[in-house]
Every structure is written in structure tokens, then in C-alpha cells.
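The values are calculated or read from the model by the stated rules, or taken from the named source; none is laboratory data. Nothing here was measured: the structure is a model prediction, and the numbers come from that model. All Cβ positions, even for glycine, are placed from backbone atoms using ideal geometry, and neighbour counts span all protein chains on display.
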Amino acid sequence: MKRLVIPATLALLIAACSSTPEGGDQSGAPVESRAGGPSVATVTTGGVDGGRLPAVLTDPKSILSKRSVYFDYDSYEVKAEYKDLVTAHAKFLTENRQFRMLIQGNTDERGSREYNLALGQKRADAIKKMMALLGAREDQLEAVSLGEEKPKNEGHGEAAWAENRRGDMLYSGEF
Amino acid sequence: MSRFAIKLRFLRLLAFAAFAVLLTPARGQLTVEITGAGANRIPVAIAEFGGDAASSRIVTSVIRADLERSGLFRMVDTSGVVMTEATSPVFGDWKSRGADALAAGSIGASDNGRQEARFRLYDVNKQTALGGSAFVTSKTMLRAAGHRIADIIYEKLTGEPGVFSTRVAYVVRAGAARYELHIADADGQNAQVALISREPIISPSWSPDGGRLAYVSFENKKPVVYVHSLASGKRVVVANFKGSNSAPAWSPDGRRLAVVLSKDGGSQIFLVNADGSGAQRLTTDTAINTEPNFSPDGQHLYFTSDRGGSPQIYRMNIGGGDVQRVSFEGTYNVSPRISPDGRSMAFISRRDGGFRLSVMDLASRQVQVLTDSNKDESPTFSPNGRMVLIATEMGGRGVLSAVSLDGRIKQRLSISAGDVREPAWGPFNR
């Protein structure tokens, strides 16, 4: 397996997070000031009691704040350019066993809604399989599909479609 | 009839139409537009019924609109002639007006403030009565009485049961985060909202008794299959396993549902009891298997799979064995729906880059493409098997379109308040 290189500050952040209890209950947790900017972002999602995520998952400078893997047309293969991203998230899950992840697969609007749901599932499954191979536990992962139902870009045409052929990785508290 | 009389009658019709619009909830009403009709339409005269004139107008206008909309009948002008079921028709007069059939009737008071709708249907050429009926109804149910009468006329004249008293379910996207599941009469009137959600709703499927709808809701940020009792609003989770749960289809006996679950990885077809118990896996390969649909005898399931490299339609028995490929032409054939008589299959086929409603004769495997549109989806048969309702797009908006099996008759159902999609035509109203 390719060895992952993580910036020093990020490694420290992950170390800090790995010792904190599950989201929402970290008022006493030390915050790594070297990350700069606001230390924690508040995630508000409907119906979920907004658990606060560690900064490393939300800081725009952290690779872990990136949550989307984009796919080619009619493809379920995680492209090489996303391997570092998936690996970073797998490492986070491995070091933070209390976190769970929901992987949502998406497709563009063309074709049958139910068939697209199955295609989106293939994309989510591909990301999940990679996570599991990299050490995340089965009980931390759930792969589901939103098919064509929740497009990120509501436009029609290749540019919009490319944005919608996507897998999103959400952490406990975000779904 | 003089020019003046025609004009007067037209104005009266206009006044009635304006009144009807005032009574109609502006939001969420489907409007039906006929965009094609059959070649040899039967000329039918529906006389004004006797009794209360306002009630008669409601009933006869529903009958005429239903028959006209079917594309199989042409309305013969009756010049406002009033005839009850007891009036002896002067057949020669109707023949000279070009009518092959004639209906007459009355709306009278019944017990407890209720009303009784009576009618009689005649064969003008043979100069005989074809039958008649009486319905006890109420002022608020006059439209329903009209649909029942239109159903009988349709059946007497075509030999097939009419579907004017049936209902359709469909999903309206009314805003960025507002999805509504509607139930309306087959003519688009009387729309009622069964479910409002911030998240998408797809794949509604009617139970054979017409009392429940199975569907997929994303309200929990993932697809979950529910069964929703329409009268009570009670909802039961039928499939909420880890992963995705989708594509519900009722068995003809209403005891089981075919669903697609990803709990074992991939998308596999399972049978579950209507209460969600007893999940039994039917497909075992690693390919996509989805969109199950029962044959009317309950012995087979048609479904979509990419096991051969592209999405195609297959058939298996309900034990999961004896798998046969059904579609061969082209590289994208999905969404199989079997006609009530088991002889035809409606599906969506990609042709020249467009997704088009197609029909296959299952005995000969002959395929006919019925539309030239680009975005047809989710076909659903009328319970008499004569029409297929689909979702399609018109001017960038989702509309429903009903197409006859020969492709000649087309109706468009659109809604002013948003995108319409995911139609499901309900069973006969018994």
C-alpha cells in the first residue's frame, strides 16, 4: 500500500482528536491553535442534535474537510486523484473508532430513477470497500444511494452532470 | 339551431367554466390536454339529463369530458336537448346528427337529501337500449357519478372496462425542499395530498386493493421503503436495512412486496411480507438487479439488470430461478411494467440519445417505440391495459403523459405549481 504523507500539523490534529470523546461533548478538549482560524465549526442538520465535529473534519485547510469523490460517466471506479482523500478519511476512522460514516452515492439525471439509485449505490459501495481495505471497520460504515434525487448542480448538461456523479462522505452528526 | 342560440349556450358554458375554476383549489391541480386521438372515434350523443339542471350539467360534462379524453369517442352536438331515461328517443333524428350511440338520464332527489342519477344508453343504428343504471349519490359526489356512468358507456361501446373512476398517484416537487405525494382522480381532479416531505419521494406502487401505497422516502437521508394506508395516513416501515432500500412492487395477491436492498452489497431483489418480515433474497450475482415488477399471475418477476454489460430487462420465476433475458435491441432498456393481461411490457428504451416509452409484445418480442421524447420515465399501465402513463418533460418541466398502446392517443397532464413525476395508476375502484 502506498504510504500516506500527512502534513505535520494535520498529524498533530488527528492525534488530538483521537483522544477526544464522540462529538458534541468536547468542551474541555484542547484545541490545536496552530490550525488557525475558528477552531470548530458548528454543523446544523435538520433533526440531528448538532454534534460538534472536531476541527480537523471541518477546517478548510484540512484534507478531511473535503468530502466528495467524483466519478466518470457510467463508472464506479475511485479515480487515482481521490485515493489520498479516501485514505485520509480511512485513517481518521481507524484512529477514531467512535465515529461513523454515511457514504451517499449520487448520479446525474439521465435515465431511470431506480436504475440510477442502483448506480449511485455502486459508487458508494466502491468508496466503502476502499475505506474497509484501509482499516475502517464495517460497523463504522454505511453506503447508501441518493441516485439522481439530490443533485448538487440542478443544471442540465455535462458540467452539471459531472458535479452530480459523486460520492459524499458524512460523519456522525452530519446525517 | 340559430346562431344566437349557439352563442347563448357557449356563454352559459363559459359562465359554468368560470364558476368551476372558482371552486377549484388553484394549487396542485392537474390539467389534462389531449394531444392526439384515435383514428375512428365512435360518435356519441350525451343529452342533457332531466331533473335539477345544475346537477345535470355537472354529471353530463364529466361524462362527455371522460369519453372525449379517452380518444375513442367523438361528442355529437345535442343542442341542449333534455332527455330522461324514460324519454323515447326519436332514433331518426339522432342518426341524422351522426350519432351511433345516445345516452339520456336524470338527476332526482332520493332519501335523506341524497340524489339519484339514472341513465340509459341506446344503440342508434339498431334502435335498441344497450342498458342503464341508477346510482344513489350526493351533491358532492356528482362528479363520481359521472365517472361511473362514463365507465359503463365506455364498457358497453368498447367491450373493455373504463378507468374513469380510478385514481392516480404522483409526486410533485413544489419547491427546493418540498415534495408532495398526491392522489387524484384519473381526470386530474380532486387532488389530495398524502405526504409532504423535505426530502424526495419516489417509486409509488399501489396495493392491489387500492387502499395502500408503497413508496421510497429519503426523509432519513437514505432510501427507506414505506407502506402508507391512504384512509388513515398510517405508515409502516417495510424495509429499512443498512444501505439502500428501494423499488417496491406489490405481488398481485397483495401479501408480499418485491424490494431492492443493498444490505448484502450491490442492489439485489428480495421478497418481503407486506409487514416487512421474512426478507428472502432472489438474485445472487454481483451485477445491479432492480426495478422488479410482477407478472399478473404472480409467477414471474421482470427486472432490470446490467449483468450482460448494459442495463437490460430480464425475467425470473418468483423463486429466483429460470432467468431469461427479455430485451435485446439497444444498450439501455429499463423500467419494465407488465400489462394487466400479461401480454405486453411497457419499458423505457434509449433510442438516438432519447429515453422513450416503448412497448413489447411478449409473445412475438416485437418492440414499438411510442414517443419521440427525450426524458420518458416510470411507465404505469391503466388497469384496463389500454393506456400507459409516464413522466416526461415539456419545456423544462416535469409533466405526465398518457399514451395509448398503439401510440395514437396522447394526453398531457401538467400542474401549475411545480414538477410532476413518478406516476402510478391505481387499480379498478370496486
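Could you list, in sequence order, the residues of region A:139-175 that are more than 24 Å from A:LEU64 (Cβ to Cβ) and either crowded, with 21+ Cβ neighbours inside 10 Å or not charged (D, E, K, R) (or both)? Write out each step before concluding.
Applying the first criterion (more than 24 Å from A:LEU64 (Cβ to Cβ)) to region A:139-175 yields A:147-149, A:151, A:154-161.
Hits for region A:139-175 are A:GLY147, A:GLU148, A:GLU149, A:PRO151, A:GLY155, A:HIS156, A:GLY157, A:ALA159, A:ALA160, A:TRP161.
Here's the yes/no breakdown for (1) in contact with a Gly (Cβ under 9 Å, 6 or more places away or on another chain); (2) in a strand (DSSP E or B); (3) within 13 Å of chain A (Cβ to nearest Cβ):
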position	(1), (2), (3)
B:GLY298	no, no, no
B:ARG307	no, no, yes
B:SER310	yes, no, yes
B:GLY320	no, no, no
B:GLY330	no, no, yes
B:PRO336	no, yes, yes
B:PRO340	yes, no, no
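Between a residue in region B:255-283 that is more than 12 Å from chain A (Cβ to nearest Cβ) and any residue that is of a type in the set (Lys, Arg), which pairs come within a Cβ distance under 7 Å, given they are 6 or more apart or on different chains?
Sorted first by the residue in region B:255-283, then by its partner, the pairs are B:PHE270/B:ARG281; B:LEU271/B:ARG256; B:VAL272/B:ARG256; B:ASN273/B:ARG255; B:ASN273/B:ARG256; B:ALA274/B:ARG255; B:ALA274/B:ARG256.
Of these, B:ALA287, B:ALA231, which one is among the small types (Gly, Ala, Ser) and touching an Asp or Glu at 6+ places or on another chain (Cβ under 6 Å)?
On the way: B:ALA231 fails: touching an Asp or Glu at 6+ places or on another chain (Cβ under 6 Å).
When all the criteria are applied, what remains is B:ALA287.
Take the residues of region B:284-296 that are in a loop (DSSP other than H, G, I, E, B) and closer than 25 Å to A:LYS122 by Cα: which is farthest from the other protein chains (Cβ to nearest Cβ)? Lay out the reasoning, then the answer.
Of all residues in region B:284-296, those in a loop (DSSP other than H, G, I, E, B) come to B:284-288, B:295-296.
Then keep just the ones that are closer than 25 Å to A:LYS122 by Cα; that gives B:284-288.
Details: B:THR284: 16, B:ASP285: 13, B:THR286: 10, B:ALA287: 9, B:ILE288: 4 Å.
The selected residue is B:THR284.
Per-residue answers, yes or no, for (1) on the phi > 0 side of the Ramachandran plot; (2) of a type outside the set (Gly, Ala, Ser); (3) part of a loop (DSSP other than H, G, I, E, B); (4) modelled with pLDDT of 95 or more:
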{"position": "B:ARG350", "(1), (2), (3), (4)": "no, yes, no, yes"}
{"position": "B:GLN368", "(1), (2), (3), (4)": "no, yes, no, yes"}
{"position": "B:SER378", "(1), (2), (3), (4)": "yes, no, no, yes"}
{"position": "B:PRO383", "(1), (2), (3), (4)": "no, yes, yes, yes"}
{"position": "B:ALA391", "(1), (2), (3), (4)": "no, no, no, yes"}
{"position": "B:GLN411", "(1), (2), (3), (4)": "no, yes, no, no"}
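Can you tell which of A:ALA126, A:ALA132 is modelled with pLDDT of 95 or more, aliphatic (A, V, I, L, M) and surrounded by fewer than 17 Cβ atoms within 10 Å (Cβ to Cβ)? If you could, list the steps in order and put the result at the bottom.
Working: A:ALA126 fails: surrounded by fewer than 17 Cβ atoms within 10 Å (Cβ to Cβ).
Of the residues listed, the single one that is modelled with pLDDT of 95 or more, aliphatic (A, V, I, L, M) and surrounded by fewer than 17 Cβ atoms within 10 Å (Cβ to Cβ) is A:ALA132.
Tell me, yes or no, whether region A:116-124 has at least one residue that is over 15 Å from the mean Cα position of the chain (by Cα) and of a type in the set (Lys, Arg).
yes
For region B:62-106, which positions are hydroxyl-bearing (Ser, Thr, Tyr) and surrounded by fewer than 19 Cβ atoms within 10 Å (Cβ to Cβ)? If you could, list the steps in order and put the result at the bottom.
Quick first cut of region B:62-106, residues hydroxyl-bearing (Ser, Thr, Tyr) only: B:70, B:78-79, B:84, B:87-88, B:96, B:106.
The answer is B:SER79, B:THR87, B:SER88, B:SER96.
Look at region B:200-254 and say how many of its residues are within 14 Å of chain A (Cβ to nearest Cβ) and not in a strand (DSSP E or B). Can you show your working first?
From region B:200-254, those within 14 Å of chain A (Cβ to nearest Cβ) are B:200-205, B:214-225, B:239-249; that's our starting set.
Now narrow it down to the ones that are not in a strand (DSSP E or B): B:200, B:218-223, B:240-244.
Here the count works out to 12.
Given the condition among the β-branched types (Val, Ile, Thr), buried (at least 18 other Cβ atoms within 10 Å of the Cβ), closer than 30 Å to B:ARG178 by Cβ and without any contact (Cβ under 8 Å) to a residue 40 or more places away in the chain, answer yes or no: does some residue in region B:398-414 qualify? Let's see the steps before the verdict.
Filtering region B:398-414 down to residues among the β-branched types (Val, Ile, Thr) leaves B:399, B:403, B:409.
Filter again for buried (at least 18 other Cβ atoms within 10 Å of the Cβ), leaving B:399, B:403, B:409.
Subsequent filtering for residues that are closer than 30 Å to B:ARG178 by Cβ retains B:399, B:403.
Next cut, without any contact (Cβ under 8 Å) to a residue 40 or more places away in the chain only: B:399.
Yes, that holds for at least one residue.
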